[in-house]
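The structure appears below as structure tokens.
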Amino acid sequence: MRHSAAHVMAAAVCRLFGKVCLDIGPATDDGFYYDFDLEHRLTPEDFPAIEAEMARIIAADLPFERLEVSRAQAEEMLRDQPYKLARLADIPADENITFYRCGDFRDLCRGPHVERSSQIKAFKLLTVAGSYYRGLETNPMLQRVYGAAAADAAALQTILQRLEEAKQRDHRKLGRELDLFSAQELVGPGLIHWHPRGARIRVVIEDFWRQAHLRGGYELLYTPHIGRANLWETSGHLDFYRESMYAAMEIDNAAYYLKPMNCPFHIQVYKSAKRSYRELPLRWAELGTVYRYEKAGVLHGLLRVRGFTQDDAHIFCTPGQMAAEIKRTLDFAMRILRAFGFTDISAYLATRPAKAVGAPENWAQATAALEQALRELQVDYQRDEGGGAFYGPKVDLKIQDAIGRAWQLSTVQFDFNLPERFDMSYIAEDGKAHRPYMIHRALLGSLERFFGILTEHYKGAFPLWLAPEQVRVLPLTDQQLDYARQVADALLAAGARVTVDGSAGKIGAKIRNAQVDKIPYMLVAGPREAAAGQVSVRSRAAGDEGACPLAAFREKLARESAAPEY
RNA sequence: GCCAGCUUAGCUCAGUUGGUAGAGCAGCUGAUUUGUAAUCAGCAGGUCGCCGGUUCGACCCCGGCAGCUGGCUCCA
């Protein structure tokens with residue numbers, strides 16, 4: 001039905017805009033799109049006319065007819081459709097060539113379709129965008145119109161509501177409304193400023209992350225932001241990653257580059273001493289800020305930026321330790337993700353691509369270790385055959401957020417390349433130098449991206465342990481301002497993130513503002529509470545919870561705001 | 001980077017078929033001192049993204065640039 005809706009849209013566009021070169025128009029999860037090439041530049045202002053034309057075709061209840069034709073007939077039918085002719089040429093000789101006809105519109109198409117146009121019950125055009133022919137950057141750009149289509153009006157409403165819900169959760173909107181972060185034109189695109197409220201959350205995330213890593217057997221590193229050209233030549237980045245790197249800075253006749261990755265620095269720390277098998281595995285983690293030149297058109301809020309902090313780590317181990325380290329790392333990653341409220345986790349295992357470095361038997365061993373760990377940890381996973389980086393196989397973990405969207409966060413990657421390039425070694429029991437195994441991993445991915453996803457997951461209503469402002473004390477009148485400050489001081493001393501609303505408004509207004517700011521707890525302090533040393537607790541989610549002694553609330557807060565177990 | 005669209009006050013948006021702009025919220029000041037989602041009044045705030053062109057005159061028309069948005073491509 002959705003695919004048929006694409007045909008009907010193409011038919012409508014052809015009727016309205018004269019000569020249209022058609023490419024393809026498949027169904028999508030929620031609807032359909034069609035790629036065309038036409039003189040007229042389509043805009044959303046064209047949608048009502050196209051939709052009206054589509055509605056006419058649907059109302060006419062036209063049949064979809066399947067036509068089986070010879071290749072010669074097909075070529076004749078498509079003589080003024082260059083993209084279609086190219087698609088036709090791709091159809092294998094032993095396959096039937098079919099067209100589907102609906103009214104005066106017919107399209108080279110494998111089908112199937114609905115029987116009659118009236119079976120398209122509900123649709124709506126959504127956006128128009130550019131799209132390279134066959135997805136190749138060097139090809140001409142076609143115009144793509146996306147639409148939603150559903151079995152009935154209610155189902156279409158559900159789709160549109162889901163899109164609206166995603167819009168309401170957009171971290172860029174919430175980031176502005178809740179004053180969490182910004183990017184500044186004067187500074188440059190893709191460079192993030194964490195405002196006080198966003199930074200408070202980041203501090204909690206980082207503190208939690210550091211504690212977890214120290215308890216999890218990692219050491220923490222800090223490494224420089226720039227390094228000499230030699231370093232990046234040795235690592236190979238200047239050969240294969242240069243277009244993603246910021247240009248060199250010349251200092252004392254040497255070229256320095258801003259780091260796009262942390263690995264070479266960690267390797268230098270490794271190489272600062274002769275390593276023994278007795279000290280392996282080494283697990284070194286760093287919140288490492290990197291800069292990458294991302295094309296302007298791909299930047300997106302916090303999710304795709306040019307400067308970001310990876311929660312990076314490198315594990316150096318012996319081949320014999322590798323399987324255990326993999327399992328340990330994946331288990332650790334999942335426990336951390338669950339702590340942040342992401343419980344629905346799945347995995348992708350990417351295996352050896354055609355062009356790869358490293359011995360095939362090492363690849364096989366590493367891939368098997370990854371797969372075994374996934375099985376032992378009972379994670380659902382899919383294999384992405386040949387999808388690994390050239391330097392090693394990897395596992396990516398994906399989570400589902402509160403409205404079911406999937407995001408890739410963690411990645412665990414083998415590296416058979418850098419240990420070689422940097423000639424890393426350790427002395428084994430046999431007294432000889434051996435090459436260590438190297439594993440890259442990031443759990444949150446980058447703090448920017450993770451924070452964006454977290455914001456959308458919670459719709460800005462961060463749980464108590466993450467909330468930038470956990471408690472706001474609301475004096476009923478100015479008479480209670482001193483008492484409110486005492487309450488706040490007492491909570492502050494206990495480690496809470498707390499403020500006082502000293503504005504002149506009525507209590508209703510103060511509550512409204514606190515709700516809009518998504519503060520987990522509001523404490524109303526009127527004359528009754530001040531006299532009794534109490535606070536009236538209102539929770540963001542549950543509303544008025546009644547009065548209790550300040551000390552009791554302080555204990556409740558301490559209990560509830562502890563970082564989660566993991 | 002590519003295609004298209006957008007850019008007016010801190011935010012969300014009106015507006016002028018070319019005669020240099022307005023609202024709500026936020027801010028500030030004053031009044032109000034209030035019991036669980038918006039008290040009232042006043043004030044202030046804008047080289048209408050930037051640069052250039054056309055014009056007697058440009059926020060409006062044209063060109064260039066920047067940023068953003070939706071996609072595409074990319075994502076070691």
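The values are calculated or read from the model by the stated rules, or taken from the named source; none is laboratory data. Everything numeric here is computed off the predicted structure, so don't read it as measured data. For neighbour counting, all protein chains shown are included, and Cβ atoms are generated from backbone atoms with ideal geometry for every residue, glycine included. Heavy atoms of the whole protein, side chains included, go into the accessibility calculation; ligands, DNA and RNA do not. Shrake-Rupley method; radii C 1.70, N 1.55, O 1.52, S 1.80 Å.
In this structure, the amide hydrogen of A:S410, modeled 1.01 Å from its nitrogen in the peptide plane, lies closer than 5 angstrom to those of A:L397, counting only residues at least 5 positions away or on a different chain. Under the convention that each Lys and Arg Cβ holds +1 and each Asp and Glu Cβ holds -1, the size of the dipole of region A:272-383 around its Cα centre is about 300 debye. The alpha carbon gyration tensor of region A:96-240 gives principal lengths a ≥ b ≥ c with a/c of 1.5 or higher and a/b greater than b/c, which makes the shape prolate. Phi angles of region A:456-468 translate, via the Karplus equation with coefficients 6.51, -1.76, 1.60 and θ = phi - 60°, into HN-Hα couplings of 6, 4, 8, 6, x, 8, 5, x, 3, 5, 9, 4, x Hz per residue; Gly and Pro are given as x. Under the convention that each Lys and Arg Cβ holds +1 and each Asp and Glu Cβ holds -1, the size of the dipole of region A:424-566 around its Cα centre is about 280 debye.
Mind running the shape call on region A:121-207? Use the C-alpha gyration tensor, a ≥ b ≥ c as the square roots of the eigenvalues: rounded below 1.5 for a/c, prolate if a/b tops b/c, oblate otherwise. Don't jump to the answer; show the numbers that get you there.
Values: a/c = 3.34, a/b = 1.50, b/c = 2.23.
It comes out oblate by the Cα gyration axes.
The chymotrypsin sites (Phe, Trp or Tyr not before Pro) of region A:365-430 include none that meets both criteria, a DSSP state outside H, G, I, E and B (loop) and at most 11 other C-beta atoms within 10 angstrom of the site's C-beta.
Under the shape rule built on the C-alpha gyration tensor, where the axes satisfy a ≥ b ≥ c, chain A is oblate, since a/c reaches at least 1.5 while a/b does not exceed b/c.
Residues whose amide H lies under 5 Å from that of A:A547, counting only those 5 or more places away or on a different chain, are A:V537; hydrogens are built 1.01 Å from N in the peptide plane. Each residue of region A:546-555 was assigned a 3J(HN,Hα) from its phi angle through the Karplus curve 6.51 cos²θ - 1.76 cosθ + 1.60 (θ = phi - 60°); the sequence is x, 8, 8, x, 3, 4, 5, 5, 4, 5 Hz, with glycine and proline shown as x.
Give the dimensionless ratio obtained when the Cα radius of gyration of region A:202-287 is divided by 2.2 N^0.38 Å.
Numbers: Rg = 15.6 Å, N = 86, 2.2 N^0.38 = 12.0 Å.
Normalised Rg, Cα atoms only: 1.30.
Near the amide H of A:E219, within less than 5 Å, lie the amide hydrogens of A:R283, A:W284, A:A285, all on another chain or at least 5 residues away, with H placed in the peptide plane.
How high is the relative contact order of chain A, given as a whole-number percent (alpha carbon pairs under 8 Å, six or more residues apart)?
Numbers: 1020 pairs, mean separation 54.8, N = 566.
The normalised contact order for chain A reaches 10 percent.
Mind putting a number on the dipole of region A:353-475 about its Cα centre? Charges go on the C-beta only, +1 for Lys and Arg and -1 for Asp and Glu, and I need it in Debye to the nearest 20. Dipole of region A:353-475, to the nearest 20 debye: 340 debye. Taken per residue, the accessible surface of region A:1-152 reaches 50 Å², heavy atoms only and a 1.4 Å probe. Here the 3J(HN,Hα) profile of region A:488-504, calculated from phi with Karplus coefficients 6.51, -1.76 and 1.60 at θ = phi - 60°, is 4, 4, 5, 6, 4, 4, 8, x, 7, 9, 9, 9, 10, 8, x, 6, 8 Hz, Gly and Pro shown as x.
I want the local charge near A:A150. Using Cβ-Cβ distances under 12 Å, sum +1 for each Lys or Arg and -1 for each Asp or Glu among the other residues. Spelling it out: positives minus negatives among the neighbours equals +1.
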